[in-house]
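K.L.:
Take a look at this one; I'll ask things after.
The values are calculated or read from the model by the stated rules, or taken from the named source; none is laboratory data. Nothing here was measured: the structure is a model prediction, and the numbers come from that model. Positions of Cβ are backbone-derived with ideal geometry, glycine not excepted, and every protein chain shown enters the neighbour counts. Keep in mind that these areas ignore ligands, DNA and RNA; they rest on the heavy atoms of the full protein, side chains included. Shrake-Rupley method; radii C 1.70, N 1.55, O 1.52, S 1.80 Å.
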Amino acid sequence: MFHAASSRAVFPELTRSGPLRTAAILFVSLLAGCAGGGMGRLPEGLSPSDLNLVIVTLDTTRADRIGCYGDRDILTPQLDALAARGALFEQAHATAPLTLPSHSSIFTSRYPPAHGVRDNGGFFLSESEETLAEVLSAHGFATGGFVSAYVLDRRWGIAQGFDRYFDDFDLAKYRTLSMGDIQRRGDETLGKALDWIRDQRGKRFFAWLHLYDPHSPYDPPEPYATAYAGRLYDGEIAYVDSLIGELMDDLSRSGLSSRTLVVVVGDHGESLGEHKESGHAFFVYGTSTHVPLILSGPWPGLAGMRIPGVVSTIDIMPTVLELLGVHHAVHGQGRSLVPLVEGRSLSEPLVAYSESFYPRYHFGWSDLRTLRTDRYRFIEAPRPEIYDTSKDPLETENLAGALPELLARMRGMLARIEGEMGEASTTTAPQEMDEETLRKLAALGYIGSTVDTAGKGSGELADPKDKIEIVNRMHEAKDDQLKGDSKTAIEKLRRVVADAPEVIDAWFRLGNAYFEEREFPLALEMYRRTLALKPDHDWAMVNMANVYVEMGRIDDALVGYRRFLERDPANDLIAYRLAETLLDAGRIGEAGAMFRRVLEIAPGKAAAAVGLAAAAMRRGDPAGARAEVARALTIDPNVRNAHYNLALALEAEGNARVAVEEYRKEISLHPHSFKAQFNLSRLLGLSGDVKGQVGELRAAMEDNPEFHVGRYYLSKALLDAGDLAGAEREAKRALEASPENYYAPLGQYVLADVYARSGRTVAAQEAVRRGRELEARNLPPPPS
């Protein structure tokens with residue numbers, strides 16, 4: 001392990017004399033000093049122990065798409081102003097082009113091989129790792145983390161040390177689960193962060209705000225969508241810039257800006273077609289590792305500093321601890337950059353290490369590792385690469401073949417650095433399944449035969465450079481799916497698996513696309529193909545279980561959920577999904593036990609308390625339901641379905657008037673709550689408010705056109721309102737869309753009434769006959 005004083009891997013040759021030092025200087029320039037005279041002292045009356053800390057991480061944000069980094073075609077006034085008041089690091093590099101590994105490095109000061117998180121999903125930051133939040137919490141800071149993507153959910157271990165961690169993602173709206181797709185807009189996350197900061201009056205605090213918006217698909221809100229039409233990625237960054245402005249304005253209004261250290265850093269970049277990569281995660285060129293890093297605080301001499309040398313995001317933790325006056329030995333590879341912001345040079349030049357294991361884990365191809373010195377980028381790959389960034393900043397001319405001695409030195413340097421950082425002491429990836437478990441899952445149809453590439457060296461696997469066109473097709477298909485165009489995604493993904501059947505993610509995304517198209521047998525087959533290539537693919541197993549739920553094969557679904565929980569007992573998401581499935585299957589006792597388990601795993605998951613309320617209602621216990629709703633609202637006053645279940649309990653107790661108000665509260669908090677709209681319409685109809693009843697039913701159908709029960713009721717409400725044409729139209733639409741529905745007789749009787757009132761006697765008699773025929777079939781009622 002390393003300590004901050006001597007933790008960072010450096011170039012030992014540079015400390016020696018003679019030919020070896022001269023040879024080293026051929027490929028490493030000494031770290032340049034920074035512009036200006038240094039940060040100087042804090043204003044009188046202020047000491048480091050008075051300072052707060054705010055870190056903003058910008059997802060998928062490359063440095064050269066920001067005004068203060070030289071982009072003249074984008075407006076980022078807030079980031080530019082922050083840099084003008086602080087220090088800008090011109091060559092900061094992320095440790096991985098992936099969100100979870102990169103953030104794990106930022107908050108532990110350790111490279112991925114050391115902290116063990118090598119990919120998004122399937123890896124967990126071990127409790128044995130010491131995070132920045134844990135250190136600051138131990139030194140009396142209040143700590144709050146606010147994240148915008150499920151990839152940073154607490155279950156991956158990244159929340160260690162935070163008193164408050166906002167990661168409450170509403171997964172109910174996702175029919176299939178794919179970690180990178182679950183996200184929220186930055187304004188929502190910022191709002192939660194500001195609320196928390198305002199509550200820390202008189203306390204020293206550390207707030208982390210994560211903004212995911214620049215991640216694909218690029219869909220900035222107005223006015224940025226119009227202003228940046230044709231370059232929506234830039235529009236997302238401009239939007240995020242405005243959020244940083246809101247943050248800084250709020251800190252200023254509350255008097256906190258004069259005693260708060262603010263750090264803004266990208267977690268990784270975005271290739272945007274350079275090196276033929278459309279997105280990120282796959283390659284480790286500067287397009288996806290070179291990130292913005294701006295440090296701003298109340299030091300007068302800090303303003304306008306530009307620091308040109310190579311630094312790494314692992315340097316942030318020891319740097320901010322020193323600036324905050326927190327004396328703590330950091331057991332990582334990072335080193336404090338305070339000498340640079342003081343206007344001095346470091347005694348030894350630095351090198352930034354980055355890696356991507358994404359090609360190996362998701363495609364079965366070679367992983368990539370890179371070193372970035374002040375002059376060169378070296379990439380270890382089946383066909384190695386070296387770029388002289390001083391002459392070739394876009395990294396287009398590979399010099400590895402022409403400079404064999406330099407290649408050998410770079411490889412030696414990489415070997416030393418990897419040896420010094422070590423491997424993670426704990427196994428953070430899921431364990432492989434034993435043969436008996438594999439056999440049982442295969443018998444249940446979850447998996448087929450398996451393919452293993454885990455033991456193969458990088459040299460035995462395909463070079464990612466040769467496969468990038470396939471990756472881009474995958475990226476396009478993902479964007480199609482996120483936009484709701486599953487059919488186009490299927491076409492592209494089919495071409496991918498035809499050309500490269502070893503690509504794990506292609507089979508998985510095909511399963512998701514077929515799920516969206518409700519082609520469940522095909523979805524199952526695609527998930528089986530995924531699990532054949534990667535038996536521990538969590539999301540394939542879960543989504544396969546979701547398919548079984550849709551097909552009514554509840555027992556098969558429970559196998560998948562339970563198997564997942566055996567391997568990951570602390571996964572509150574899957575425990576909650578299992579509890580919901582049990583509740584829908586009428587297994588009330590088991591569902592209640594599982595909801596309670598969710599609350600044991602995640603006491604802040606208010607939705608589990610709402611689930612207990614729903615279970616109480618199924619047992620005929622409205623008083624118990626009200627108690628559970630009260631518990632849920634104490635945890636989170638805005639939790640979905642709390643007021644809905646409270647309204648159900650009040651109805652059961654005969655208090656329809658207050659139930660109406662609770663349904664209205666649910667709709668106000670969650671405008672697309674079609675079940676609450678439906679139940680409210682029913683109560684309004686019973687009270688004689690037919691106009692209100694029709695309005696709520698129309699709203700329910702707009703929010704969920706597949707809610708066929710609502711359409712049958714809408715036809716009846718329109719009939720009662722005297723709108724014969726509307727009643728006929730909606731009844732026919734309901735019967736056409738869902739002819740085997742329990743409420744289909746109602747549709748026929750509505751038509752019969754319409755026909756009778758308009759003088760179409762024969763048609764009315766025929767509709768009555770069909771209604772009675774449907775009633776005689778005893779069609780099953782829909783699930784509650």
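K.L.:
Quick one: in the range 75-107, which of the residues that are small (Gly, Ala, Ser) and in a helix (DSSP H, G or I) is surrounded by the fewest Cβ atoms within 10 Å (Cβ to Cβ)? Step through it out loud before you land on a result.
P.N.:
Kept after step one, since they are small (Gly, Ala, Ser), are these residues of the range 75-107: 81, 83-84, 86-87, 92, 94, 96, 102, 104-105.
This time we only want the ones that are in a helix (DSSP H, G or I), so: 81, 83-84, 102, 104-105.
Working: Ala81: 17, Ala83: 25, Ala84: 14, Ser102: 27, Ser104: 31, Ser105: 29.
If we take residues in the range 75-107 being small (Gly, Ala, Ser) and in a helix (DSSP H, G or I), then Ala84 is surrounded by the fewest Cβ atoms within 10 Å (Cβ to Cβ).
K.L.:
Here's something else I'd like to know. Cβ-Cβ under 6 Å, sequence separation 6+ or interchain: first residue in the range 276-289 and more than 19 Å from Leu232 (Cβ to Cβ) and open to solvent by 10 Å² or more (accessible area, probe 1.4 Å), partner among the β-branched types (Val, Ile, Thr) and at pLDDT below 95. Which pairs?
P.N.:
The qualifying pairs are Lys276/Ile468.
K.L.:
Which one is least open to solvent (accessible area, probe 1.4 Å), of the residues in the range 42-59 that are out of contact with any helix residue (DSSP H, G or I) (no Cβ under 8 Å at 6 or more places or on another chain) and not in a helix (DSSP H, G or I)? Walk me through how you get there before you give the answer.
P.N.:
Going residue by residue through the range 42-59, those that are out of contact with any helix residue (DSSP H, G or I) (no Cβ under 8 Å at 6 or more places or on another chain) are 44-45, 47, 49.
Among the residues that remain, those that are also not in a helix (DSSP H, G or I) are: 44-45, 47.
Working: Glu44: 189, Gly45: 79, Ser47: 40 Å².
Across the range 42-59, the extreme among qualifying residues is Ser47.
K.L.:
Another question, if that's okay. Take the range 125-166 and flag every residue that is at pLDDT below 90, touching a strand residue (DSSP E or B) at 6+ places or on another chain (Cβ under 8 Å) and not aliphatic (A, V, I, L, M).
P.N.:
Hits for the range 125-166 are Tyr150, Arg154, Phe166.
K.L.:
Can you confirm whether Val338 is without any contact (Cβ under 8 Å) to a residue 40 or more places away in the chain and at negative phi?
P.N.:
yes
K.L.:
Right, here's the next one. Checking the structure you have, find out if any residue of the range 383-401 is in contact with a strand residue (DSSP E or B) (Cβ under 8 Å, 6 or more places away or on another chain) and within 26 Å of Ser126 (Cβ to Cβ). So that I can check it myself, show each step before the final result.
P.N.:
Pass one, the range 383-401, residues in contact with a strand residue (DSSP E or B) (Cβ under 8 Å, 6 or more places away or on another chain): 384-389, 395-400.
Among the residues that remain, those that are also within 26 Å of Ser126 (Cβ to Cβ) are: none.
Within the range 383-401, none of the residues are in contact with a strand residue (DSSP E or B) (Cβ under 8 Å, 6 or more places away or on another chain) and within 26 Å of Ser126 (Cβ to Cβ).
K.L.:
Additional query: Those residues that are crowded, with 21+ Cβ neighbours inside 10 Å, of a type outside the set (A, V, I, L, M, F, W, C) and touching a residue at least 24 places away in the same chain (Cβ under 8 Å), I need them from the range 194-227; list them, please.
P.N.:
The answer is His210, Tyr212, Asp213, Pro214, His215.
K.L.:
Consider only pairs whose beta carbons are under 7 Å apart and that are at least six residues apart or on different chains; among these, list those whose first residue lies in the range 558-577 and is under 16 Å from Gly157 (Cα atoms) and of a type in the set (Gly, Ala, Ser) and whose second residue is open to solvent by 10 Å² or more (accessible area, probe 1.4 Å) and part of a helix (DSSP H, G or I).
P.N.:
Note: pairs meeting the criteria are Ala570/Arg155; Ala570/Ile601.
K.L.:
Count, please, the residues in the range 298-310 that happen to be open to solvent by 10 Å² or more (accessible area, probe 1.4 Å) and either outside any strand (DSSP E or B) or on the phi > 0 side of the Ramachandran plot (or both).
P.N.:
Qualifying residue count, the range 298-310: 6.
K.L.:
Modelled with pLDDT of 85 or more, touching a Pro at 6+ places or on another chain (Cβ under 8 Å), within 28 Å of Val284 (Cα to Cα) and not β-branched (Val, Ile, Thr): does that describe Lys483?
P.N.:
Spelling it out, it is not the case that Lys483 is modelled with pLDDT of 85 or more, touching a Pro at 6+ places or on another chain (Cβ under 8 Å), within 28 Å of Val284 (Cα to Cα) and not β-branched (Val, Ile, Thr).
K.L.:
Sticking with this one: For residues in the range 126-156 being out of contact with any His (no Cβ under 6 Å at 6 or more places or on another chain), part of a loop (DSSP other than H, G, I, E, B) and not acidic (Asp, Glu), which is surrounded by the most Cβ atoms within 10 Å (Cβ to Cβ)?
P.N.:
Thr131
K.L.:
Let me ask something else about it. Tell me, which residue of the range 376-390 that is out of contact with any helix residue (DSSP H, G or I) (no Cβ under 8 Å at 6 or more places or on another chain) and at pLDDT 95 or above is nearest to Thr289 (Cα to Cα)?
P.N.:
Ile379
Here's the yes/no breakdown for (1) under 22 Å from Pro112 (Cβ atoms); (2) among the aliphatic types (A, V, I, L, M); (3) out of contact with any His (no Cβ under 6 Å at 6 or more places or on another chain):
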| position | (1), (2), (3) |
| --- | --- |
| Ser356 | yes, no, yes |
| Leu368 | yes, yes, yes |
| Asp392 | no, no, yes |
| Gly401 | no, no, yes |
| Pro404 | no, no, yes |
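K.L.:
In the range 727-769, which residues are of a type in the set (S, T, N, Q) and touching a residue at least 24 places away in the same chain (Cβ under 8 Å)? I'd like the intermediate steps shown before the answer.
P.N.:
If we filter the range 727-769 for residues that are of a type in the set (S, T, N, Q), which is where we start, we get 738, 741, 748, 758, 761, 765.
Across the range 727-769, the qualifying residues are Ser738, Asn741, Gln748, Ser758.
K.L.:
Ok, one more. Restricting the search to the range 346-366, which residues are under 23 Å from Leu406 (Cβ atoms) and open to solvent by less than 10 Å² (accessible area, probe 1.4 Å)?
P.N.:
Hits for the range 346-366 are Pro349, Leu350, Val351, Ala352, Tyr353, Ser354, Glu355, Ser356, Ser366.
Every residue, every condition in (1) of a type in the set (S, T, N, Q); (2) at negative phi, yes or no:
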| position | (1), (2) |
| --- | --- |
| Thr108 | yes, yes |
| Gly116 | no, no |
| Asp119 | no, yes |
| Leu125 | no, yes |
| Ser128 | yes, yes |
| Thr131 | yes, yes |
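K.L.:
Right, another one. Please specify each residue of the range 12-60 satisfying the condition of being of a type in the set (Ser, Thr, Tyr) and either at pLDDT below 90 or over 21 Å from Met305 (Cα atoms) (or both).
P.N.:
The initial filter retains those residues of the range 12-60 that are of a type in the set (Ser, Thr, Tyr), namely 15, 17, 22, 29, 47, 49, 57, 60.
Within the range 12-60, Thr15, Ser17, Thr22, Ser29, Ser47, Ser49, Thr60 meet the criteria.
K.L.:
Sticking with this structure for a sec: Quick one: which of Val709, Val754, Val762 is more than 48 Å from the chain's Cα centre (by Cα), in a helix (DSSP H, G or I) and surrounded by fewer than 21 Cβ atoms within 10 Å (Cβ to Cβ)?
P.N.:
Values: Val709 fails: more than 48 Å from the chain's Cα centre (by Cα); Val754 fails: surrounded by fewer than 21 Cβ atoms within 10 Å (Cβ to Cβ).
Sole residue among the options that is more than 48 Å from the chain's Cα centre (by Cα), in a helix (DSSP H, G or I) and surrounded by fewer than 21 Cβ atoms within 10 Å (Cβ to Cβ): Val762.
K.L.:
While we're looking at this one, here's another question. Given the conditions (1) at pLDDT below 95; (2) closer than 16 Å to Cys68 by Cα, report the number of the one that Ser257 does not fulfil.
P.N.:
Exception for Ser257: condition (2).
K.L.:
What single numbered condition from (1) surrounded by fewer than 16 Cβ atoms within 10 Å (Cβ to Cβ); (2) touching a helix residue (DSSP H, G or I) at 6+ places or on another chain (Cβ under 6 Å); (3) modelled with pLDDT under 95 fails to hold for Val658?
P.N.:
(3)
K.L.:
Looking at the range 605-620 only, could you name the residues that are of a type in the set (Gly, Ala, Ser), open to solvent by 10 Å² or more (accessible area, probe 1.4 Å) and over 16 Å from Arg577 (Cα atoms)?
P.N.:
The answer is Gly620, and nothing else.
K.L.:
Considering only the range 519-537, how many residues are touching a helix residue (DSSP H, G or I) at 6+ places or on another chain (Cβ under 6 Å) and either not in a helix (DSSP H, G or I) or not small (Gly, Ala, Ser) (or both)? Even if it seems obvious, please write down each step before you answer.
P.N.:
Step one: list which residues in the range 519-537 are touching a helix residue (DSSP H, G or I) at 6+ places or on another chain (Cβ under 6 Å), which gives 520, 522-524, 526-527, 529-531, 533-534, 537.
So of that shortlist, the ones also either not in a helix (DSSP H, G or I) or not small (Gly, Ala, Ser) (or both) come out as 520, 522, 524, 526-527, 529-531, 533-534, 537.
Number satisfying all stated conditions: 11.
K.L.:
So, Pro671, is that one part of a loop (DSSP other than H, G, I, E, B) and under 29 Å from the mean Cα position of the chain (by Cα) or not? Spell out how you get there, then give the answer.
P.N.:
Values: part of a loop (DSSP other than H, G, I, E, B): yes; under 29 Å from the mean Cα position of the chain (by Cα): yes.
Taking the combined requirement at face value, the residue satisfies it.
K.L.:
For the range 721-780, how many residues meet the condition of being over 27 Å from Leu684 (Cα atoms) and of a type in the set (Ser, Thr, Tyr)?
P.N.:
Residues in the range 721-780 being over 27 Å from Leu684 (Cα atoms) and of a type in the set (Ser, Thr, Tyr): 2 in total.
K.L.:
Under 9 Å between Cβ atoms, which residue pairs at least 6 apart in sequence (or on different chains) link something in the range 241-254 that is under 17 Å from Ile294 (Cα atoms) with a partner that is open to solvent by 60 Å² or more (accessible area, probe 1.4 Å) and not in a helix (DSSP H, G or I)?
P.N.:
Sorted first by the residue in the range 241-254, then by its partner, the pairs are Asp241/Leu75.
K.L.:
Can you pull out the residues in the range 234-268 that are open to solvent by less than 10 Å² (accessible area, probe 1.4 Å) and of a type in the set (Ser, Thr, Tyr)?
P.N.:
Thr260
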